[in-house]
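The values are calculated or read from the model by the stated rules, or taken from the named source; none is laboratory data. What you see is a predicted model; the values in this text were computed from it and never measured. Here the Cβ is made from the backbone with ideal geometry for all residues, glycine too, and neighbour counts use every protein chain on show. The protein model used for the area step is the full one, side chains on, heavy atoms only, and it has no ligands, DNA or RNA in it. Shrake-Rupley method; radii C 1.70, N 1.55, O 1.52, S 1.80 Å.
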2 protein chains.
Amino acid sequence: MSTRSPANPILRPQDVPPSRPGFEVIGALNAAAAQLGDETLLLVRVVERPINPDPDVFIAPVFDPDTGDLVLKRFPKGAPGYNFADPRAIGTPEGDYLSGISHLRLARSRDGVHFEVAAAPALFPADEYETFGVEDPRVTRIGEDFYVTYVAVSRLGIVTRLARTRDFRSFERLGVIFPPDNKDVVLFPEKIGGKYFALHRPSTSGLGRPEIWLAESPDLLDWGHHRHLIGTRSGTWEAARLGAGAPPIKTSRGWLEIYHGADQNNHYFLGTLLLDLEEPGRVLARSEQPILGPEAEYERLGFFGNVVFTCGALLDGDRVRVYYGAADTCMALVEFSLDELI
Amino acid sequence: MSTRSPANPILRPQDVPPSRPGFEVIGALNAAAAQLGDETLLLVRVVERPINPDPDVFIAPVFDPDTGDLVLKRFPKGAPGYNFADPRAIGTPEGDYLSGISHLRLARSRDGVHFEVAAAPALFPADEYETFGVEDPRVTRIGEDFYVTYVAVSRLGIVTRLARTRDFRSFERLGVIFPPDNKDVVLFPEKIGGKYFALHRPSTSGLGRPEIWLAESPDLLDWGHHRHLIGTRSGTWEAARLGAGAPPIKTSRGWLEIYHGADQNNHYFLGTLLLDLEEPGRVLARSEQPILGPEAEYERLGFFGNVVFTCGALLDGDRVRVYYGAADTCMALVEFSLDELI
């Protein structure tokens with residue numbers, strides 16, 4: 001049975017200091033999780049925006065690669081040719097702008113429940129691929145290194161990039177590993193049959209749906225042999241879209257993948273997938289029912305309500321601690337027994 | 001100066017026998033080009049559809065991986081929940097279907113102008129990634145092998161796959177090299193600094209535009225280090241979308257890439273790009289004006305009018321023979337001097 005932490009939500013926007021004066025944090029969500037020594041680390045997606053006292057102006061914070069700093073683009077509301085219907089974004093003749101910008105922030109904990117948030121960002125937008133922010137990281141430990149796959153958003157599209165760290169203090173950026181539009185990339189923690197593997201989620205523009213694919217790599221940098229792994233199921237909790245969630249966990253029965261699905265109402269749920277240990281393209285089992293859905297108030301109400309979305313889960317004996325973003329606003333924790341997930 | 005062949009169009013739908021009884025060929029377009037011995041080869045995209053005497057029914061030919069053959073899906077026109085506005089496709093609750101299905105057909109010539117078309121397909125849809133057809137091939141010779149990048153279309157999305165041949169009789173399929181949605185992939189004909197390179201054209205779902213990217217590979221199968229290369233230019237012939245055309249041609253001044261751009265009216269043009277020989281991510285020059293636009297009647301009128309679109313160009317002394325699809329219907333040939341293109 002799932003057990004939500006009584007401390008939920010374990011991280012809220014008000015627990016995170018903004019990266020600069022004049023900004024407010026509106027989201028602390030979709031964190032990657034890692035164990036380093038006796039600490040649990042979360043690499044949290046922090047969404048912030050300029051404090052805006054003027055309701056007649058939409059302000060979009062954008063990273064400017066030329067100056068290396070944020071610029072604030074101001075759009076008077078009601079301007080012809082602009083679309084202000086969605087509070088999260090503004091439609092303009094040159095493309096959409098977002099109302100907030102995300103970076104990644106480290107949080108550390110001794111007990112896995114109570115976290116101390118770093119004062120400064122760990123990964124902040126840094127170039128033309130990240131002008132609208134960096135989002136939804138996943139961390140996989142391979143040997144002594146931690147590899148971070150994260151989403152970079154810009155006018156060039158939505159791509160997944162790779163970074164490497166040993167200490168979560170300094171990060172080495174290793175480039176774009178999946179071209180637009182691609183997100184929800186998780187790396188398997190070891191080579192299988194001499195190759196690295198990843199799950200990824202390309203977006204299709206018309207014919208298909210956002211579903212989970214598998215890819216192989218000799219070096220974690222170059223990816224090929226793309227294969228479609230699982231698709232949406234109409235009429236269910238995973239009818240509209242799918243994406244990998246936590247990096248796969250190795251068990252004696254197979255690779256355990258906790259993924260997300262969204263239904264036709266854009267409510268997000270978590271489900272499980274069991275993949276063959278030696279041939280991860282073979283699906284051994286898939287949950288018919290979600291293992292978690294938006295029920296608690298912090299999951300139902302928020303910036304984008306009715307969402308549970310994981311980017312990291314840690315195996316702890318026979319328990320699995322699943323860290324997840326709730327309502328696109330905060331972080332929460334739920335525990336499962338490993339047996340019941342498999 | 002460009003010189004259109006007086007024999008244009010050099011291949012028309014009526015020059016190509018359908019792959020099976022009861023079908024008609026409606027397009028012979030977007031051919032890859034290669035020189036093999038003293039022959040010029042075109043690997044032509046052939047679009048065919050079932051002959052349909054009933055105007056009240058829309059018939060979609062679909063490759064069925066289970067039976068290994070085509071099935072005809074019939075939709076009574078006017079059915080509620082279906083969209084028949086576009087003659088090329090039908091919108092259904094389960095997604096779009098196409099009115100035609102493409103395969104690749106070989107055509108051979110001694111003079112580069114008059115072609116003999118093979119009676120049977122060279123590459124026909126073969127699995128679940130190709131249920132709606134295989135399209136728009138490019139051929140690059142690397143050593144003794146010819147590598148074919150081609151677009152595979154299915155409910156899983158629009159992907160680019162790789163195949164290898166030495167004789168254009170048998171083809172070895174090597175898998176999906178670029179996940180959905182990605183097309184207009186051209187391979188450079190040799191390694192540069194120890195890596196293979198490709199241009200590709202990912203589709204972005206909202207924030208960006210379809211533009212040209214560069215990728216690297218150790219083995220032609222796995223691709224990474226994706227970088228945005230060139231973008232659209234508003235108010236010009238390449239305002240709406242871009243894509244690589246012919247595989248890059250090595251010249252003393254740089255890699256010559258002939259690419260396509262489309263304007264806001266979906267008229268397609270050809271332009272040129274010169275890339276640094278040792279660092280193909282460095283753009284040395286880019287044509288301000290198109291080198292070819294839709295002017296001749298066979299370029300203006302057809303299945304989709306006002307299109308010139310190349311998938312292959314051959315260097316012949318100081319002349320470049322550019323083979324191109326015209327109006328999404330037929331094949332044509334235009335010659336340029338190499339000097340003027342550079």
So which residues in the stretch A:219-257 are assigned to a loop (DSSP other than H, G, I, E, B), within 8 Å of chain B (Cβ to nearest Cβ) and hydrophobic (A, V, I, L, M, F, W, C)?
-> A:Leu221
Per-region count, the stretch B:39-61, residues in contact (Cβ under 8 Å) with a residue 24 or more places away in the chain, more than 18 Å from B:Asp328 (Cα to Cα) and open to solvent by less than 50 Å² (accessible area, probe 1.4 Å) | 8
Going through the stretch A:189-203 in order, the residues found to be crowded, with 22+ Cβ neighbours inside 10 Å and either aliphatic (A, V, I, L, M) or not in a strand (DSSP E or B) (or both) are A:Ala198, A:Leu199, A:Ser203
Flag if B:Glu299 is more than 23 Å from B:Leu199 (Cβ to Cβ), surrounded by 23 or more Cβ atoms within 10 Å (Cβ to Cβ) and free of Cβ contacts under 8 Å to residues at least 60 places away in the same chain | yes
Within the stretch A:241-260, track down each residue that is touching a His at 6+ places or on another chain (Cβ under 9 Å) and either open to solvent by 10 Å² or more (accessible area, probe 1.4 Å) or farther than 14 Å from A:Leu229 by Cα (or both).
-> A:Arg241, A:Gly245
So, in the stretch A:135-152, of the ones that are within 14 Å of chain B (Cβ to nearest Cβ) and open to solvent by 10 Å² or more (accessible area, probe 1.4 Å), which residue ends up farthest from A:Ala313 (Cα to Cα)?
-> A:Glu135
Touching a Lys or Arg at 6+ places or on another chain (Cβ under 8 Å), without any contact (Cβ under 8 Å) to a residue 40 or more places away in the chain, within 14 Å of another protein chain (Cβ to nearest Cβ) and surrounded by fewer than 19 Cβ atoms within 10 Å (Cβ to Cβ) - does that describe any residue in the stretch B:272-292?
-> no
Of the residues in the stretch A:78-98, those that are surrounded by 15 or more Cβ atoms within 10 Å (Cβ to Cβ) and away from every other protein chain (no Cβ under 14 Å) come to A:Tyr82
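Among the residues of the stretch B:38-64, count how many are over 30 Å from B:Gly112 (Cα atoms) and under 21 Å from the mean Cα position of the chain (by Cα).
3
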Here are A:Val176, A:Val186: which of them is under 26 Å from A:Leu314 (Cβ atoms), part of a strand (DSSP E or B), in contact with a Gly (Cβ under 8 Å, 6 or more places away or on another chain) and in contact (Cβ under 8 Å) with a residue 40 or more places away in the chain?
-> A:Val186
Mind checking whether some residue in the stretch B:200-210 is in contact with a Lys or Arg (Cβ under 8 Å, 6 or more places away or on another chain) and closer than 15 Å to B:Glu279 by Cα?
-> no
Taking the stretch A:1-38 and the residues there that are free of Cβ contacts under 8 Å to residues at least 60 places away in the same chain and part of a strand (DSSP E or B), the one that is most open to solvent (accessible area, probe 1.4 Å) would be A:Glu24
Can you name the condition, by its number, that A:Pro218 falls short on among (1) open to solvent by 30 Å² or more (accessible area, probe 1.4 Å); (2) over 30 Å from B:Glu216 (Cβ atoms)?
-> (2)
Filter the stretch B:112-143 down to the residues that are free of Cβ contacts under 8 Å to residues at least 60 places away in the same chain and assigned to a loop (DSSP other than H, G, I, E, B), then identify the one that is farthest from A:Arg227 (Cα to Cα).
-> B:Ala118
Could we say that A:Phe168 is within 14 Å of B:Val176 (Cβ to Cβ), more than 7 Å from chain B (Cβ to nearest Cβ) and not aliphatic (A, V, I, L, M) here?
-> no
Give the residue that is nearest to the other protein chains (Cβ to nearest Cβ), with candidates limited to residues of the stretch B:171-188 that are open to solvent by 50 Å² or more (accessible area, probe 1.4 Å) and more than 15 Å from the chain's Cα centre (by Cα).
-> B:Arg173
Evaluate the stretch B:249-258: report whether one residue or more is of a type outside the set (Asp, Glu), within 30 Å of B:Gln14 (Cα to Cα) and touching a residue at least 12 places away in the same chain (Cβ under 8 Å).
-> yes
Unique residue being in contact with a strand residue (DSSP E or B) (Cβ under 9 Å, 6 or more places away or on another chain), more than 21 Å from A:Lys183 (Cβ to Cβ) and surrounded by fewer than 20 Cβ atoms within 10 Å (Cβ to Cβ) when the list is A:Phe115, A:Phe124, A:Phe75 = A:Phe75
From the list B:Arg227, B:Arg233, B:Arg155, B:Arg166, pick out the single residue that is surrounded by 18 or more Cβ atoms within 10 Å (Cβ to Cβ) and charged (D, E, K, R).
-> B:Arg155
Of the numbered conditions (1) more than 22 Å from B:Glu190 (Cα to Cα); (2) in a strand (DSSP E or B); (3) not small (Gly, Ala, Ser), B:Leu284 fails exactly one; give the number of that condition.
-> (1)
Unmet requirement for B:Lys195, which otherwise passes all of (1) of a type in the set (Lys, Arg); (2) in contact with a Cys (Cβ under 9 Å, 6 or more places away or on another chain); (3) within 13 Å of another protein chain (Cβ to nearest Cβ) | (2)
Hey, among A:Thr67, A:Thr92, which residue is free of Cβ contacts under 8 Å to residues at least 12 places away in the same chain and over 23 Å from the mean Cα position of the chain (by Cα)?
-> A:Thr67
